[in-house]
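Shown next, in structure tokens, is the structure this report addresses.
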Amino acid sequence: MTLLAVKVLLAPGFVVIASLAGRRFGIWVGGMLGGLPVVGAPILLIYALAHGDRFAAHASAATLLGLISLMSFVVLYARLAGWWPWWLTLLAGWSAFALLTFLFTFVTASPVLALLVMALTMLVSRMLLPSAARQAAEGALPPLPSFDLPLRALSALALVLALTAASGWLGPQVSGLLAPFPVLASVLAAFTHAQRGHPEVVRLSGGLVLGYAAYALFCFVLALTLDSLGTLWAFALACAVAVCWQAAMLAGRRVLAKDTEIAALT
């Protein structure tokens, strides 16, 4: 019953909360919040509950490598969205994720090494993102369709059900690599692409890539502490680290924006 509740409620609920927060505070902030492990965390929790802490710790380390595949999806989508329709761009991004995931099945790295490689990939990804042209805001953005939030929640639920059902025979390495499959990034990018255009996709992508630092720290803490602290305390600590990092990044951006505004007036 506990596993069923986690699968049905936790990941879809996090996706809805992150989506609503992004609408309230802007597309870049939405991307930052989308970088939180709102789907990966419930999946890793299910791994721990179903297969034990050692399985989940190994999967968490592999998820750090999977985040490299996730960032490849984000960067490729941002670069192709200016020329291709959303559905074709989505297929290209998924293909890139699948290719890197396959290659990483032959790689085993310690949590420390995986975190360092992921951090380097994040820096390179930010350099590879295209520049978003400035657009003047004219009136309110068009309302989103009524099925937007239910579709996001159902997408997250479908991913969690599929990955957790297969995790028993895929093993911790492949299960961890698949945990960061870009379900939230796919929904955010495709809807933004179709409704608001390429510049907004680029802004969203910048927030996502930067936000994945919190995702990486979450997985890193889990990989190091699950065996020693157990499921409850390891996940509590990992969540606290990820949320504190994300809050610090958002606060830093707010301070920088205020300083820039003051400098422009003087």
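Couple of notes before you dig in:
- The stretch 20-97: C-alpha gyration tensor shape, a/c 1.5 cut-off, then a/b vs b/c: oblate
- In this structure, VAL117 and VAL16 have a Cβ-Cβ separation that, at R0 = 41 Å, corresponds to a calculated FRET efficiency of about 0.80.
- Cα→Cβ-extended label distance, 7 Å offset, between LEU237 and THR108, nm: 2.4
- FRET efficiency, ASP227 to GLN195 (Cβ-Cβ, R0 35 Å, nearest 0.05): 0.20
No value in this document is a laboratory result; all are computed from the given coordinates. Here the structure is a predicted model, which means the values were calculated and not measured. For neighbour counting, all protein chains shown are included, and Cβ atoms are generated from backbone atoms with ideal geometry for every residue, glycine included.
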